[in-house]
Every structure is written in C-alpha cells, then in structure tokens.
Amino acid sequence: MIGLEIRNLFKSYFLHGKRIDVLRGVSLDLAAGELVSLVGASGSGKSTFLHVIGLLDAPAAGEIRFNGRDLFEMSDPAVADFRNRTIGFVFQSHYLLPEFTALENVAMPALIQRWERGPAVRRARELLLRVGLEKRIDHRPGELSGGEAQRVALARALVLKPALLLADEPTGNLDPVTGEGIHQLLREVNRELGITAIVVTHNEALAESMPRRLRLLDGQVFPS
Amino acid sequence: MPSDRQTQYRWKYLWAGAALAAFGMLLAAIAASAERRVLELLEQLSLSGIGWGVLATLVKAVVTVGRTSASAPAFAPTVGRVWASAAGLWILGWTLIGTSIRYLSPPAQAPSPAHGAPLFRRLARYRDFDWGTLLAYGGGVLASELALIVLHTALVTGVRFGRVLENRSDAWQVPPPVAFAISLLVAFAIAFAAGFLGAARAKRLATPEATLGLLYFGLPIPLLLSALSANPDAQLRIGYRLREIWYLAGLLGRPELGYWLVYLGLALMIFLGITTGFVATGSGRMDLRSGFELFIARRHVSVFRPRLLLSVLAILMFGIIPPLIVYAMVRAAEAAVEQTRIRALGLADPLKATEALHHWKTREQSPTAMMTTLSVGGVGVGVMALIIVLSVMSGFEADLQQKIIGTNAQVVVSKYADSFSEYREVIDKVREMRGVVGETPFILNEVMISSGQNIAGVIIKGIDPASVGNVTDLPKNILPGGSLDNLSHPEKIIARPISNTSSPEPAPGAVRTERDPPTPVFQGIIVGRELAGSLHVNVGDRVDIISPLGGELGPQGPVPKSRPFRVAGIFYSGMYEYDAKFVYILLETAQKFFNMEGVSGVEVRVADVDDARRVAKAITEQLDGWPYRTRDWGEMNRNLFSALRLEKLVMGIILTIIVIVAGGLIVATVIMLVLEKRKEIAVLKALGVPDGGIVKIFLTEGLQIGIAGGLLGLLSGLSWCLLIEKIGIKLDPQVYYIPELPVKIEPLQTVIPVLIAVLVTYLASIYPALKASQVEPVEGLRSE
C-alpha cells in the first residue's frame, strides 16, 4: 500500500541572487509504515525536501499525495491542521520552546488541537516515559542535555500519533553513542506504531542500519 | 540577471505626456474658477485637513489665481470649450504616458528543468481578490453609513412608522446627542459585523478588498456631505433633514470634520472586525477559544508577576526616584546577604558554591522583560493622569455647580410682563409637586451701594428669611457675627460707634424705636465678604442704597432714591462674583423700596439637581405655561458649563495622546517579542498552529500589557483621587478663591480611560501580531 507519493517535485532557492535548483523532478513512492534514511552532501537539498513534504515550504512544481490525499489542494488552515495531526517533525536542533517544561513542550501539539489540559499532560507523560525521561519531566530545555532534549523533541513529534515522521538530522548535534540511541528509538517507534518515517542523516553508518536507504544527488533521489 | 529589466520607459514621451496632462489640469482649474461655489467648496475641503487638505489648498491657489487674472464676463461664454479642451489635453497626456512605457520580453533563456511541469497547485490556484469579500467590506461600510444617517434622522425628528409626524411631541423622540450615540453604536456594530463576516468568509485579511471597499464604497457619502455642508443652498434643498446630524458636528465648529471623524470611526470598526474575524477563523472554522494561545502568551510576557506589578504601582504612586532608592537599597542588602551565604557555602563545598553563584547570576532579566515593564508603566501613567485630571476637573465643576445653585436657586419661576403679585398661589401650587423640596419668593434688581467714599454697583435681592433657607445655602453662608434674623429684627443689630459719627442726622425713612438710642435703627442688609471688604464695612455699619428708579421728581427731573441700611451680616459663598456683587434685604423692604406689589419670581429647590430641567418643565405645565416661565440652573449658566465640558473634552483628548504614545511603546515591545521569538513562531507553525493562532498569541501579549497597565493606572489614579479628597491639597488663597483642590470621582470617568487603554493596546498589537503570523516557518528554522 502506497503511503506517500511524490511526483515530479521541483524546488529552487536563491543564494546571492543566483537560482539554485535543489530538487529537479523528484519522484518517490513510500509504502505506509516504511522507515527510510536519506543521505546526501551538505546543501544537496535534503532539508528542503523534508520541508516541502512537511508543507513548511512551497515547491515550484510537483505533486504530493499522502494516503491518497493531495496535499497541495488544502487551504491554509487545513495545512496547519495537517501539520498538527498527521506530521511529526524532529529537527537537527531540538527546537523546544524555552519557556516551557519538557512535559509542557510534549503536550503542546495536543493543546494546539484543543485537547483539555489533563488528557494532554497525561499523554505527554506516557510519551516521556516511553523515551525514558520520566525524571526530567519538569525541567526546562535549558536544563536538559542535548540527547535528552532531542528525545523530548521526539516525544513531542509522536504525541498525537502522527502517520508521517520527518526527522531532519536528529543526531547531527549528538555524539555517536547518543545518536545511536535516538536511531534505536526511531526504529522502535516505527515498528511499534507503524509510522512512515523519513530520516535525513549525515552519518553513513546510521543510514546503513535503516531498512531502506535513499541518496539525494543532483536534485534526484536514488536508492543507495 | 536580465529578468529585472523588463520595463522600458521612453522618457521624452513620458515627460511630454505628464506636461500635457498637467496643462489640462490647469485649464480645468481655470474653467472651474469661472464656476461659483467651487472656491467655497475648496475652502471647506482644504480645512478639513484629512488626507487631501494640502492638495485642495494647492488647487484653491490655482483657482484663485485663475479667477483674479481672467476677466469673468468675457470669459464666461467659452467655459464649455475650456472644459472640453482641458479634458482632451488630460486624456491625450495620459495616452502619451501610456505609450511611453513598453514591456520587453526577457531575452531568451534555456528552459529550466521544470519546463512544462505542472505548477505547484496552491500557486496555480492563487488568487488574491474576491468580489464577495469586496462586497462584504464595501457594502458593510456603506450600510453602516446609511444606517447612521437614517437612524439618527429618524430618532431625532421623531419619525414613526416611516413618516414624519406633524405633532412631534407624541412620537418617540430623543435629544440629538442620545440619538447620535445610539445610531453611532448601531453603525459601529454593522461595520464590525461586515468586517468580521467578510474576513471569516475569506479566511484571510483581504487587504486589497478592504482598501477598495473603504475608498469606493465608503468615501462618497462623507464627500457628498462635506460638499453639501460647504453649500448652504444645496444643503437646504437636498438634505435639510440631515441637519440633525451636522447639528452635533456643527457644535465643534466644523461640521464636515464631524463626518470624517465618524468615517474614521467606521473604518476603524471595519478594521477591528476584519482582524477579529481573521483571528477567529484562523484554524479553519469559527474558534474563539484561546487555550494554548493564552498559555503561550502568558509565558512569553509574564505581566502578572507580583514583583512587576508592585514595582510599577510603586512608581505610579510615589514617582520614580523614591522607589528606585528603595530598590537599590534592597538589592544591595540582598546581594550582601547572598554573597555571604555563597562564600560560607563555598568554604564547605566549592562546587555547590559555583552552582549557587550561577543561579544568582542568571536571575538577570531579558531586554523584553524590561520593555514590558516600561510599557505597563507607560499605559499606567496615561490612565492615571486621565483619571486624576478628569476627576479634579469634575471636582471643580461640581464645586462651581454647588456654589452657583447654592446661591441661586435650581429652578426659577418668573412671569412675563405683568406684576407677579399672585406668587403665594404659585408657591402653593409648586409645593404640591413631586421633586420639589423648597420654594421662596424673591425680588431682584440692580442698585448702587455706598459707604463713606466707597461706592459699588450691586445686585440687590429681596428675600424671605423664613423660607430662603429651604432653597439656597444663604443661611449657612453667613459668617459669624451676623445673622439672617437681623433682617426681620433690625433693632437687634448693634451699631458700631465709629461709622455713626459720619452721619449725625438720621436719614429719612429710618425707623425709630421706643428705646430711643443714640443710633437710629435702619433696616438690615446682608452683603458679601468681598463687597464688605471693598466698602470697608462690617456688621453694624451703615451703608446707603441708591436707586435711579422710583425717586420723587425734583426740579431737574427724577431724583435718585436713597436709603440707609445697616449691615446685618456678611456672607461668604465661595464664588468671588457673588461675594462681590450680591446684597440681600427683606422682601417687604424691597417691595417698598422699588414700589412693587409682587415679586420678581419664585425660586425652587428640587430633590435631584440633575432632574432640574424636567421639574422645571413640569412646573411650567402645572402653571399652564404663558405668562409663567421657568428656567433651570443649567439653562441659566449654560455658557459656563458648556465651557467646562469643552475644556474637559480637550483635556481628555490631550491625555489620551499619552495613552497612544504608550501604545507606540507597546508596538515596539511586541515587535521586539516577535523578533525574539521568530524561531519559536516557526516551531509553533510546524507543530500546526494556524496563522490565526499566532495572531491570537501576540494580540494576547499586547492586551495583557494594556490590561495590566490599565488596572494599575486605575488603582493608582483612584488612590491619588482618594488621597486628594481625604487629605486635601491646599491652594494658594492669593490665586484661587477655593481653599483646596476639589476632586470628584465619577465611575464612568474612571472606567473610560481603562477602556481606551485596552482598545489602544489592542490596536497597537494588531500590526506586530500580523507580522508574527507572516513569519515563514522555513525562515525561522533556518536561522541556526
């Protein structure tokens, strides 16, 4: 069953007034529940690719369907709702909200979906337990280590049980051991929840451990 | 890149076209100068000062020059031709300008790799204009204007069931200010609803539609009304029923200014409606809840911290310097204690000491927190100043009112022409009425008063000592040493020996008593404190009253009538004008002195001062109108109280500017917040917060500042007012005639500044909040 269909995706960005075509007609099919790693050189457009899939950035041309739904047909509020319910993001830097505790950060997507405070916090606590951070619940991001913050960010991405997880170099800022822990967690989560996940990484060794491996080269995606 | 050079101008054609069009304008202006009324119209428009004031002044200058240079009679027949050639030149000029601009196709490039691929769907469907939204905004502003005009006219002229009633008194009719307030509220509601619905339907702000709607649908009516107000003839012919609207604006002196203020108000309401509608439907459906938005906003700007609130309140209450000194002292003491503690800790466990030191240092506040405190203080100062100044002005007004109606009655019944001798029956009738608590007859006239070499023109009032206390405060105002009873019992006045030496002869008309004392007994008179001072008299002294009327005929015509009185008391009303101008004598004495049968009128006191007008009307009806008439204190002192109201209005406007300046501070604060939180905005968007949610967050942040500042201002303003009221601030008696600064706290007057502050902060936060919602998620996420 096809989860994510990407057809003929084009995207350029501008650097010093020059147009750089990072995506040149990318087409890709991902089965539902598939775990994929994506590698590529710096500036090859891995992050841009992920942002376009996550509807954070607009492409120039192309089509994306998720579970048969055309993502580019949606209105602005529908896009926001889609990001909230269906997509979970993990970035290279944890991007937790500094004013809020780990628990509140994890509960935030649920609160945005207008959950009551009680259920949202309960769900967030479960997730933090799952990523092994029950002792760090009331700490603010500034008081967490890099690995802990990234695990909180993962918990936040998973709190609403998204169908698609987009991880943009989640281990880029971490030492190999901690990074491997995060990858381990990603694999477990993928297996347990059946989430379709794309993990962008620099680390070839970690990429090798994924069931399916892709490489972004010259604006095209190749299996590697 | 070649793509940025696609437009080519041929400058010669362009300038020639511009010159031709300008010449056409000039010709049109000359033609216009031949028309009457154009000048007057321009005069009005140039003074209206909103937007086109400068332009209109320029055109007026041209027209004036054209008018003086062209000899009107020779010129008149060719006006049509001049208009035509002006139009021709104008069109020709613009055609030239149009042809002078050419669009070049960019030089051929190799097609991009995406050539022929389907365009991004959302971009392909992109459309930033919607006729429905234009209709909602434009129709809304037009409907609100029409509603205002129709409703106001209907309410004021007493239209019922769609027709003007001949007999207006039985229609539901309200005074112009009330009608204006009602219709303005209705129009505001319509404008707000139109903006709300338009934005909610379009799910975006739709700025082009709003601009076009306000300009093309909203402007014609105010323009037309301004033009009408410049032309009294046309106004009488077309819109004579509209005069009720410009009546109120006309009180400000410039009717058309009133139109534009109302128009601005309507535009503001549309704007508020649009933003509210956009925010409410930001998540795709109507959603007025703000759970997580409030949660986030309160963490971003934690305004309601006791520390912040207390420090701002301290600054508002005690000024900047004293709290600063206290703060510095507390901080110094705290630092000393803390450092001692850390050192002691360090002697035992160095690592714990570094941790404590770290916590101690990270307590420093961020610049935004500082700005927040400043903004709260700014709003607080504005609100406090508004409340205090308005309360003091109200205090002055109330003081003045109390003195005026304490000396003069609240309602005066008088009679046209004929002698008012049946006053006793009138008093009996009035006494029966509801709302009347006292009534007394009086005689009023102007005479001269003299004592020795001093002379003054005064208003003399004949009063009935028995009942005057029910109506005025005169008995209370008599200074110790004198007495109102002395009027009825002149023999009780103890004459001062010195003053009698100047008049050994008893004056004619002096009443002799059996006791036959060396000093003759004169009728008593009560004079004001200032008058007593300028005449150098005291209780027991003799004064002479001289009237040009009613004297006997002498060889050279009527001789002024003169009569001695003895000062029976001195009163102090607190109004300089009264204390220097009023003297009181017995009613019967006055009747005898002026050869009157009746009285000048009857003074009435009512239970509720503000109800005086209604009671006065009721009294007139009770007395069957003519020849009787009644006037209330407001009517008798209209100029004074109108001036006071105007002064208060102007003061309020000036002080509101303080609040607006504070609003600017809030704009700066929220913009700083937005810049500081760019990354977090991007993250929130990635987590699925819609644009409306982001707007809500930052609106709430601004509003928090406004509410905190408003409440602190209210608290400190009220405290100051109470302080002034209880303790009092002495005024220099050399300058002011009242001993203490008066204060009167009116509930409405204290609430309105707070509402203004909240509204201003809301408006001020709209722009930064919209900016925040426009942050692209990718931009914010890229910054690291």
Two-site label geometry, B:D485 and A:A31: point separation in nm, points 7 Å out along Cα→Cβ: 11.7
Inter-probe distance in nm under a simple model that places probes 7 Å from Cα toward Cβ, at A:R191 and A:E143: 3.4
Segment B:304-415, dipole about Cα centre (Lys/Arg Cβ +1, Asp/Glu Cβ -1), debye to the nearest 20: 60
Likely footprinting exposure, B:V778, A:V131, B:V527, fewest C-beta neighbours within 10 Å first: B:V778, A:V131, B:V527
Radius of gyration, Dmax [segment B:359-487; alpha carbons; angstrom]: 27.9, 92
Length gained when the stretch B:W360-B:S421 is fully extended (0.36 nm per residue, less Cα-Cα span): 13.0 nm
Viscosity 0.692 mPa s, temperature 37 °C, Stokes-Einstein D of segment A:95-160 from Kirkwood C-alpha radius, µm²/s: 293
Cα pair distances in chain A, grouped into 10 Å bins until the bin that holds the longest one, percent each: 8, 33, 36, 19, 3, 0
Karplus 3J(HN,Hα) series, Hz, for segment B:636-643 with 6.51 cos²θ - 1.76 cosθ + 1.60 (x for Gly, Pro): 5, 10, 4, 4, 4, 6, 4, 4
Relative frequency of Cα-Cα separations exceeding 30 Å in segment B:419-626, percent: 26
Cα centroid separation, segment A:176-223 to segment A:78-142 (Å): 22
Computed E for B:L649/B:L723 - FRET, C-beta separation, R0 22 angstrom, nearest 0.05: 0.25
Surrounding net charge for A:S27, when Lys and Arg each add one and Asp and Glu each subtract one, Cβ distance under 10 Å: -2
Inter-part distance where segment B:266-337 and segment B:579-595 are each reduced to a Cα centre, Å: 65
Estimated distance in nm for a label pair at A:D70 and B:A16, the labels positioned 7 Å out from Cα along Cα-to-Cβ: 5.2
Chain A - share of DSSP beta bridges that are antiparallel (%, nearest 5): 55
Least to most buried among B:Y327, B:Y137 (fewest other Cβ within 10 Å first): B:Y327, B:Y137
Computed FRET value (nearest 0.05) for B:Y572 with B:L185, which takes r as the C-beta separation and R₀ as 45 Å: 0.45
Size descriptor, Kirkwood hydrodynamic radius, that averages inverse alpha-carbon separations across segment A:68-125, Å: 12.9
Label-zone membership for segment B:372-396, site B:L268, 7 angstrom Cα→C-beta point, backbone N under 18 Å: B:379, B:382-383, B:386-387
Helix axis angle, A:76-85 relative to chain A longest principal axis, alpha carbon, degrees: 60
Set of lysines with alpha-carbon distance to B:K617 below 30 Å, sequence-local pairs under 8 removed: B:K403, B:K415, B:K429, B:K461, B:K476, B:K581, B:K648, B:K744
Debye, to nearest 20: dipole size of segment A:57-120, +1 on Lys, Arg Cβ, -1 on Asp, Glu Cβ: 200
Theoretical FRET efficiency, 1/(1+(r/R0)^6), r = Cβ-Cβ of A:A205 and B:I657, R0 60 Å, to 0.05: 0.35
Chymotrypsin sites (Phe, Trp or Tyr not before Pro) within segment B:375-440, DSSP loop, no more than 13 other Cβ atoms inside 10 Å: B:Y416
Length gained when the stretch B:M329-B:A466 is fully extended (0.36 nm per residue, less Cα-Cα span): 42.7 nm
Footprinting exposure proxy for A:L35, A:L186 (fewest neighbouring C-beta atoms within 10 Å first): A:L35, A:L186
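No lab work stands behind these numbers, since they all come straight from the coordinates. Note that this is a predicted model, so its numbers are computed, not measured. Neighbour counts are summed over all protein chains in view; Cβ atoms, including those assigned to glycine, are modelled from backbone coordinates with ideal geometry.
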